[in-house]
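Trainee: I have a structure here, written as structure tokens, and I will follow up with some questions on it.
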Amino acid sequence: MTRDLKAPLQALRNEHRYRSRRILEGPQQPEQVIDGRPVLAFCSNDYLGLANHPRVIQAFRQGVEAYGVGAGAAHLVNGHTRAHHALEDELAAFTGRDRALLFSTGYMANLGVAQALLRRGDRLFEDRLNHASLIDAAMISGARLSRYHHADAGDLARRLGKTAREEDRETFISTDAVFSMDGNLAPLEALASLADTHGCWLMADDAHGIGVLGERGAGTLEHLGLSQDQVPILMGTLGKALGTSGAFVAGPEDLIETLIQSARTYIYTTAMPAAVAEATRASLRIVQQEPERRGHLRDLVVQFREGSGQLGLELMESTTPIQPIVVGASERAVQWSDSLLQQGFLVPAIRPPTVPQGRARLRVTLSATHSRAQVDGLLQALGGLVGKP
Ligand code: PMP
């Protein structure tokens, strides 16, 4: 007898935790047609508007002409093209690191790093609000996992202090650089100093910082002025601000060679299409040549925060384009999201277990392709909801 699946699904519906997909008819951009109706979307990770940029599309087309559609094999077989190789060199230079290595997704990059560097019995310390892929990475690695209080280097220091250093045992700290559901930054300087004192690896997942933060857009580590020596393992995704798909790990030479030799999510999977690498090379150039995209995005963040403050909405400590509005109960978050959708604004409700109980929220995400007028429109719609149960 197989397990009944209907009852748990119904329970999710009853608890307002049922997840459903919407069908998008066109490209990533603020004005979208979803489930047949026009909406203004405030939920894309395409922070700089590069997913649908003419130069990126052109590079993708040329990549397809040159390399065909599929990579056809894993990197270590014969899927590693000149385009992949050039992108790795450019990502290493962009992030100021010895080398970079492409993975097909950020999820796989995170699993691959933990599996390649950690063995059963090693110690792994993670922020409680780390992305699911880092938590799953812990499971795969077999390391003993300890989850410290969110963004609390003091709590991590206490936990490290209680851990006796064992010969031949690795200690590893991993954190989101920008937390995906809250938008705040990890205390990376403090984590780097703890990693140095205790002789640990430190890994930052900068999925939401690459392209967005730092003068050159090189991410949270550039923004905080942290070097490869201080944070040796950097993971960045290509599917968010860079507008394409895939991910990379950047860091010291030996780290990258170790991943090539032993990260199973690198070795046993088909390389991303070479055309995606070509498209990403084009978007990387735009990230560096057009800092005004980041400037406009920063202005929108300020505008949104000031406007929300005037409405008395509860925001989080975030200076990034991820701007959650905490509304409390899951049911309320769903009602607000539905009501915004009626008015033509797509803002998802994020509920437990993705966020803690009682902290359900609307997750507003801003993009450089939004206009000030569009942000004003959203603020006006939110104003109509304030005070409603
Ligand atoms: N890390 C973080 C912090 C993320 O937000 C995401 C994507 N939601 C990932 C990793 C996974 O990246 P990808 O979508 O490329 O698998």
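The values are calculated or read from the model by the stated rules, or taken from the named source; none is laboratory data. None of the values given here were measured: they were computed from a predicted structure. As a convention, Cβ positions derive from the backbone with ideal geometry for all residues, glycine included, and neighbour counts pool all protein chains shown. Just the protein is used for accessible areas: all its heavy atoms, side chains included, with ligands, DNA and RNA removed. Shrake-Rupley method; radii C 1.70, N 1.55, O 1.52, S 1.80 Å.
Trainee: Can you pull out every residue in segment 353-366 that is in a loop (DSSP other than H, G, I, E, B) and open to solvent by 10 Å² or more (accessible area, probe 1.4 Å)? Explain how you work it out, then say what you get.
Mentor: Taking segment 353-366 and keeping what is in a loop (DSSP other than H, G, I, E, B), we get 353-359, 366.
Result: PRO353, THR354, PRO356, GLN357, GLY358, ARG359.
Trainee: Out of the residues in segment 10-22 that are at pLDDT below 90 and not basic (Lys, Arg), which is surrounded by the most Cβ atoms within 10 Å (Cβ to Cβ)?
Mentor: Residue satisfying both the conditions and the ranking: HIS16.
Trainee: Mind listing just one residue for me: the one in segment 166-178 that is acidic (Asp, Glu) and surrounded by 15 or more Cβ atoms within 10 Å (Cβ to Cβ) and, of those, farthest from the ligand (Cβ to nearest atom)? Step through it out loud before you land on a result.
Mentor: First, the residues of segment 166-178 that are acidic (Asp, Glu): 166-168, 170, 176.
Those left that are additionally surrounded by 15 or more Cβ atoms within 10 Å (Cβ to Cβ): 170, 176.
Numbers: GLU170: 22, ASP176: 5 Å.
Result: GLU170.
Trainee: Return the pairs, sorted by first residue and then second, in which the second residue is of a type in the set (Lys, Arg), the first residue lies in segment 287-312 and is closer than 14 Å to ALA218 by Cα, the beta carbons are less than 7 Å apart, and the residues are 6+ apart or on different chains.
Mentor: That search, which allows pairs on different chains as well, returns GLN288/ARG216.
Trainee: Here's another thing I want to ask about it. Looking only at residues in segment 153-165 that are without any contact (Cβ under 8 Å) to a residue 12 or more places away in the chain and exposed (fewer than 15 other Cβ atoms within 10 Å of the Cβ), which one is nearest to the ligand (Cβ to nearest atom)?
Mentor: Top of the filtered list is GLY154.
Trainee: Being surrounded by 19 or more Cβ atoms within 10 Å (Cβ to Cβ) and under 18 Å from LEU48 (Cα atoms) is the filter here; which residues of segment 302-327 pass it?
Mentor: PHE304, THR320, PRO321, ILE322, GLN323
Trainee: If the Cβ limit is 9 Å and pairs must be 6+ apart or interchain, which residue in segment 1-27 that is among the hydrophobic types (A, V, I, L, M, F, W, C) pairs with which residue that is loosely packed, with under 10 Cβ neighbours inside 10 Å?
Mentor: From segment 1-27, the pairs are LEU12/ARG19; ILE23/GLY36.
Trainee: Yes or no: ILE140 touching a residue at least 24 places away in the same chain (Cβ under 8 Å), touching a helix residue (DSSP H, G or I) at 6+ places or on another chain (Cβ under 7 Å), within 16 Å of the ligand (Cβ to nearest atom) and over 30 Å from VAL301 (Cβ atoms)?
Mentor: Numbers: touching a residue at least 24 places away in the same chain (Cβ under 8 Å): yes; touching a helix residue (DSSP H, G or I) at 6+ places or on another chain (Cβ under 7 Å): yes; within 16 Å of the ligand (Cβ to nearest atom): yes; over 30 Å from VAL301 (Cβ atoms): yes.
Judged against the criteria, ILE140 is a match.
Trainee: When you look at LEU134, is it within 13 Å of the ligand (Cβ to nearest atom), touching a Ser or Thr at 6+ places or on another chain (Cβ under 9 Å), open to solvent by 10 Å² or more (accessible area, probe 1.4 Å) and within 21 Å of GLU170 (Cβ to Cβ), yes or no?
Mentor: no
Trainee: If you don't mind, there's one more thing I want to ask. Can SER339 be described as of a type in the set (Gly, Ala, Ser) and open to solvent by 30 Å² or more (accessible area, probe 1.4 Å)?
Mentor: For SER339, the condition - of a type in the set (Gly, Ala, Ser) and open to solvent by 30 Å² or more (accessible area, probe 1.4 Å) - is met.
Trainee: Tell me which of these ASP376 doesn't satisfy, since it passes every other one: (1) part of a helix (DSSP H, G or I); (2) open to solvent by less than 70 Å² (accessible area, probe 1.4 Å); (3) closer than 22 Å to PRO321 by Cβ.
Mentor: (2)
Trainee: Out of everything in segment 28-48 that is touching a helix residue (DSSP H, G or I) at 6+ places or on another chain (Cβ under 7 Å) and either more than 20 Å from THR365 (Cα to Cα) or assigned to a loop (DSSP other than H, G, I, E, B) (or both), what residue ends up being nearest to the ligand (Cβ to nearest atom)?
Mentor: Taking the candidates together, the pick is TYR47.
Trainee: Please tell me if ILE57 is closer than 28 Å to ARG281 by Cβ and either polar (S, T, N, Q) or open to solvent by less than 80 Å² (accessible area, probe 1.4 Å) (or both). First the steps, then the outcome.
Mentor: On the way: closer than 28 Å to ARG281 by Cβ: yes; either polar (S, T, N, Q) or open to solvent by less than 80 Å² (accessible area, probe 1.4 Å) (or both): yes.
Yes.
Trainee: Sticking with this structure for a sec: Of the conditions (1) over 20 Å from SER133 (Cβ atoms); (2) surrounded by 15 or more Cβ atoms within 10 Å (Cβ to Cβ), GLY219 clears all except one; give me its number.
Mentor: Condition not satisfied by GLY219: (1).
Trainee: Select from segment 89-126 the residues that are of a type outside the set (Gly, Ala, Ser), open to solvent by less than 10 Å² (accessible area, probe 1.4 Å) and more than 11 Å from the ligand (Cβ to nearest atom) and list them in ascending order.
Mentor: Residues satisfying the conditions are LEU91, PHE94, LEU101, LEU102, VAL113, LEU118, ASP122, LEU124, PHE125, GLU126.
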